[in-house]
Amino acid sequence: MGFLLRLFSKNGLFVFFIFLQLIALVLIFSRNSMQQSWLAAQTAAFNSWVSGYIDEGASYLKLKQINDELVKQNKVLMEQVYGKGTSEIPEFRKVHDTIGGGQIYTFVDGEIVFNSINRKDNYFTINRGKRDGVFPKMGVMAPNGIAGIVINTTDSYALVQSVLSLDKIKINAALKKSGYFGTLTWRGDDSRTMHLSDIPKYVALQVGDTVVTDGKSAIFPRGVMIGKVAGYQVDQKTGFWDISVELSEKMGNLSKIYVVKNLKKAEVSRIQDTLQATIKREK
């Protein structure tokens, strides 16, 4: 009350003027049907505008909730498909697969905060780091295929070498139908296409054949989608197929990712180090 008295004493004329204006507006709108209609229309428009923003906000929150739920469901599904060994009881197999079905994976979901696809060596940054259990040499997958390999981490972020990198990344990949495996690399000419080499030319091929990871490393699980055969020809230098693979994941449109955590990577690395030491001694 004291504040109002001080305000009126210092600005009496101005306050009196505002008071008269309010009375005039009340008289105009209470006695003039046209003005009442205009006021009603403006009020309705304002209410519609506010309701629209509220509806948009509610829709956004709902979509975000749905999206987060899909990410969680996708993560669970990936762990069910790729995270367990192919057999609960270890089996001896006549295959050149040093890790067989005993490898177990878990996944850390995250998002990309920076990405590049137009350089000869491309990188992207993700919002997961050491505090989330992310470390160098871990594979990174996207919902539709492979994406890269972690090369450096901070507490909260990680730098990932994209599969779109010249001579920096070589992926063990296989033809799903025949099982023949080779090396997948990028040649720097098209962000949608990589090349699969070391496949013997007697192996039957068709455009549209599926290419997947073959699991012969400690980075990616076996059977992760890579892409489809887009074309092929015999490499005159090697005599093997040179296969163009159209990536199933659009690298320029990455958003959600999953970091692959191999729970037996240390064990696999130890046995591989033993093999390398044996080869050196034999030389």
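The values are calculated or read from the model by the stated rules, or taken from the named source; none is laboratory data. All of these numbers come straight from a predicted model, not from anything done at the bench. Here the Cβ is made from the backbone with ideal geometry for all residues, glycine too, and neighbour counts use every protein chain on show.
What strands (runs of 3 or more DSSP E) completely inside segment 172-260 contain at least 2 residues that are in contact with a His (Cβ under 8 Å, 6 or more places away or on another chain)?
Working: elements: 181-185, 193-200, 210-213, 225-234, 240-247.
Correct list: 181-185, 240-247.
The condition of being assigned by TED's automatic domain parsing to the domain that holds residue 117 and over 16 Å from residue 173 (Cβ atoms) holds for only one of 232, 258, that being 258. Annotation for segment 141-151: at least one member residue is without any contact (Cβ under 8 Å) to a residue 40 or more places away in the chain and within 24 Å of residue 265 (Cα to Cα). Tallying residues that are over 20 Å from the mean Cα position of the chain (by Cα) and either surrounded by 18 or more Cβ atoms within 10 Å (Cβ to Cβ) or outside the structural domain of residue 147 (by TED's automatic domain parsing) (or both) within segment 157-179 yields 4. The set of residues from segment 130-152 being over 13 Å from the mean Cα position of the chain (by Cα) and surrounded by fewer than 21 Cβ atoms within 10 Å (Cβ to Cβ) comprises 130, 131, 132, 133, 135, 136, 137, 151, 152. Only residues that are closer than 22 Å to residue 122 by Cβ, at pLDDT 95 or above and touching a Lys or Arg at 6+ places or on another chain (Cβ under 7 Å) were counted across segment 185-210, and they come to 2.
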